[in-house]
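The values are calculated or read from the model by the stated rules, or taken from the named source; none is laboratory data. All figures in this text were calculated on a predicted structure; none of them were measured in a lab. For neighbour counting, all protein chains shown are included, and Cβ atoms are generated from backbone atoms with ideal geometry for every residue, glycine included. Quick note on the areas: whole protein, heavy atoms, side chains included, nothing else; ligands and nucleic acids left out. Shrake-Rupley method; radii C 1.70, N 1.55, O 1.52, S 1.80 Å.
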Amino acid sequence: MSISLASPTSLPAARWSTFAVFVANGFGFGAWATAIPSLKAMLSLSAAELSWALLAMSIGGVIAMQPASHIIQKIGGTGRATRYASFVYAAALALPLLAPSLLFLCLACALVGGAICLMDVAMNAHATKVEVQWGSAINSSFHAGFSLGGLAGTGFGALMLILHVPSHFLLLPAAAVVLVVVAIATPRLGPGDTAKHAPGPIFRLPERSIALLAVVLTLCFMSEGAMADWSGIYLTSLGETPARAASGYAAFSATMVMGRLVGDMVVRRFGRPMVIGAGCALAATGLILATALPWFYAVVAGFALVGAGLSNVVPCVFSTAAARASSPAAGIAEVSTAGFGGFLSGPPLIGAVAAKFDMRAGIGVIAAAATLAALVSLRLKATPKQ
């Protein structure tokens, strides 16, 4: 299925508009990551209570992800769905810090989680259609946009902290930036995939041919979600200020951007299975370093290794799943659902472990998950196209 575009100039416009949407998504996520320590302090939350809020975000995301493909068809295509989901995301982003209590925080986080999942499915489906029409691999560039946005959002969030913006309003400026970007970019997305596919079950397990890929992505997304939600908390638990603690996620985002900018070249040189396995191993090394040496510079260096390691795992898993599954769309949808479950379940798992033991133990659990991902990836074998 190709993308319906009105003119020859529409394809570049669709590509860069899609890139901008990925940037906006990452920007909001980066700003959220820097605001979590302030949110925890503002409501005097324990690690266990914060984990409940993050669990609510997971639940909201899972609920929204199951019917996402059906919603995209009902709305009228990936382009229109991406636009609507982007506006919902921008509107919901600031709600958690406006919550007056843990109950309202959980409700707000559930809404944000749902918005994140709807936007994630829509924009990735749209990016896949743009890539097909483009005729060459450009998926890493879209994910680089997310990482670049995360880096910018982290810096923006740190700036808000330095300027002593009241905690309740920390995310309002970031939400405004996301709103402006999506308002400018989304009208030029194009319709994307508007085909009426045969209805299937709202939820289906990954096909046998991509089951290992789904496991790897789930474990790696646990690490990526942990970087966003707990890297700042971990550094503040070591005595760092919230502004200085933002360095952890900034280092993670910076190396992820750099890794994705050279990702296509690396994949052509070594192949996707090798890139997935080596990336998981490098991420595990970084998390072990951050756990074993709880000093500021060692932790930041460890988080930087995590970003470099995970940078091309997601694009490689998506491309490999698309090639091995019964159809590209089914492959991407199935591993995405599994992976996003890990992305959202990792942070509350860390919170539960941290409440029982301490933050080092929580990060250690994610280190174990990344190590397991590296071991599982050894079972992946290249096909002639990979």
Might you let me know whether region 75-96 holds any residue that is in a loop (DSSP other than H, G, I, E, B) and under 25 Å from Ala246 (Cα atoms)?
-> yes
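So which of Phe146, Phe169, Phe142 is surrounded by fewer than 20 Cβ atoms within 10 Å (Cβ to Cβ) and not small (Gly, Ala, Ser)? I'd like the intermediate steps shown before the answer.
Values: Phe146 fails: surrounded by fewer than 20 Cβ atoms within 10 Å (Cβ to Cβ); Phe142 fails: surrounded by fewer than 20 Cβ atoms within 10 Å (Cβ to Cβ).
Answer to the check: Phe169.
Which of the residues belonging to region 350-369 are in contact (Cβ under 8 Å) with a residue 24 or more places away in the chain and within 22 Å of Leu305 (Cα to Cα)?
Matches in region 350-369: Ile350, Met359, Arg360, Gly362, Ile363, Gly364, Ile366, Ala367, Ala369.
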What pairs come up if the first residue lies in region 55-67 and is under 17 Å from Ala338 (Cβ atoms) and in a helix (DSSP H, G or I), the second is open to solvent by 10 Å² or more (accessible area, probe 1.4 Å) and of a type in the set (D, E, K, R), and their beta carbons are under 9 Å apart, counting only those six or more places apart or on different chains?
-> Gly61/Asp120; Met65/Asp120
If you go through region 237-296 one residue at a time, how many are touching a Cys at 6+ places or on another chain (Cβ under 8 Å) and polar (S, T, N, Q)?
-> 0
Which residue, of Leu95, Leu50, is over 24 Å from Val335 (Cα atoms), in contact with a helix residue (DSSP H, G or I) (Cβ under 9 Å, 6 or more places away or on another chain) and crowded, with 24+ Cβ neighbours inside 10 Å?
-> Leu50
Of the residues in region 115-138, those that are over 24 Å from Val88 (Cα atoms), open to solvent by less than 50 Å² (accessible area, probe 1.4 Å) and either touching a Gly at 6+ places or on another chain (Cβ under 6 Å) or part of a helix (DSSP H, G or I) (or both) number 1
Answer yes if at least one residue in region 287-308 is within 20 Å of Phe29 (Cβ to Cβ), surrounded by fewer than 24 Cβ atoms within 10 Å (Cβ to Cβ) and of a type in the set (S, T, N, Q), and no otherwise.
-> no
Any helices (runs of 4 or more DSSP H) falling wholly within region 204-271 and containing at least 1 residues that are open to solvent by 40 Å² or more (accessible area, probe 1.4 Å), more than 21 Å from Gly61 (Cα to Cα) and of a type in the set (Asp, Glu) | 263-270
